[in-house]
1. Can you pull the accessible area of residue 39 for me, 1.4 Å probe, Å² to the nearest 10?
2. With a 10 Å radius around each residue's Cβ, average the other Cβ atoms per peptide and rank 72-80, 28-36, 107-115, highest first.
3. Could you pull out the pairs from 18/68; 57/146; 18/67; 18/57 whose alpha carbons sit more than 28 Å apart here?
4. Using label points projected 7 Å from each Cα along Cα→Cβ, tell me how many nm separate residue 73 and residue 110, to one decimal.
5. Can you pull the accessible area of residue 54 for me, 1.4 Å probe, Å² to the nearest 10?
6. Starting from the Cα of residue 12, step 7 Å along the direction of its Cβ; do the same at residue 41; then give the gap between the two resulting points in nm.
7. Just check region 32-128 against the gyration tensor rule for me: Cα atoms, a ≥ b ≥ c as the square roots of the eigenvalues, rounded for a/c under 1.5, and otherwise prolate or oblate depending on whether a/b exceeds b/c.
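The values are calculated or read from the model by the stated rules, or taken from the named source; none is laboratory data. Everything numeric in this text was worked out from a predicted model, so none of it was measured. All Cβ positions, glycine included, derive from the backbone under ideal geometry; neighbour counts span all protein chains shown. Calculation scope for accessible area: heavy atoms of the full protein, side chains included, ligands and nucleic acids excluded. Shrake-Rupley method; radii C 1.70, N 1.55, O 1.52, S 1.80 Å.
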Amino acid sequence: VANDILVHNSTLLLTWAKNIAYVTGSPVLYIDTEMSFEEQQYRLLSMLSATPEREVKNGTFGRDPEKKSAVLSAAEILSNNQDRLLHKYYPDFTPEGIAALVRKYKHQYNIGCVIFDYIKMPEADIRLSSHVKEYQALGYLTSSFKTIAGTLNIPFITASQINREGKGSRVNSSDFAD
């Protein structure tokens with residue numbers, strides 16, 4: 001998935017993770033580079049309960065008995081199924097660290113899918129940016145994702161943001177490498 005900064009790629013990825021984990025029952029490893037589980041939990045409770053996220057965050061859902069029941073049911077689903085959606089906050093990731101984490105979770109939980117939120121240049125590569133071009137670092141990162149997905153035979157879903165230079169231009173399948 002690639003979109004500009006105003007589109008909520010994280011919400012889309014979390015929706016997919018929720019459906020894979022709670023509808024199909026397949027454990028999902030959700031690697032998040034920006035938000036902790038506590039921060040994502042409001043969004044997930046909102047999705048599971050069909051209650052607006054701001055009402056979940058500020059507690060006003062409690063004024064409506066139906067919404068209160070829905071949020072409490074959603075919280076119970078999360079509590080009783082902690083091994084379905086496995087959230088890992090990993091802001092300082094490396095491709096090697098991601099590969100090790102995915103192998104660990106595949107062995108421990110038999111994950112059926114990895115969702116990585118979202119593709120960006122790793123911090124270590126930013127510090128080396130005078131030596132490493134952004135496209136090289138991102139190419140290495142996506143190649144490592146493809147390798148671990150193929151090795152473990154699991155899908156690896158991720159998103160990226162289109163930079164301002166790419167906005168408005170048409171993207172074709174020929175713009176992407178294998």
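1. Here the accessible area works out near 90 Å².
2. Per-residue Cβ counts within 10 Å, averaged per peptide and sorted highest first, yield 28-36, 107-115, 72-80.
3. Among 18/68; 57/146; 18/67; 18/57, the Cα-Cα distance tops 28 Å for 57/146.
4. Simple spin-label model gives 2.9 nm for this pair.
5. 150
6. So the label points at residue 12 and residue 41 sit 2.8 nm apart.
7. It is oblate, given that a/c is not under 1.5 and a/b is not larger than b/c.
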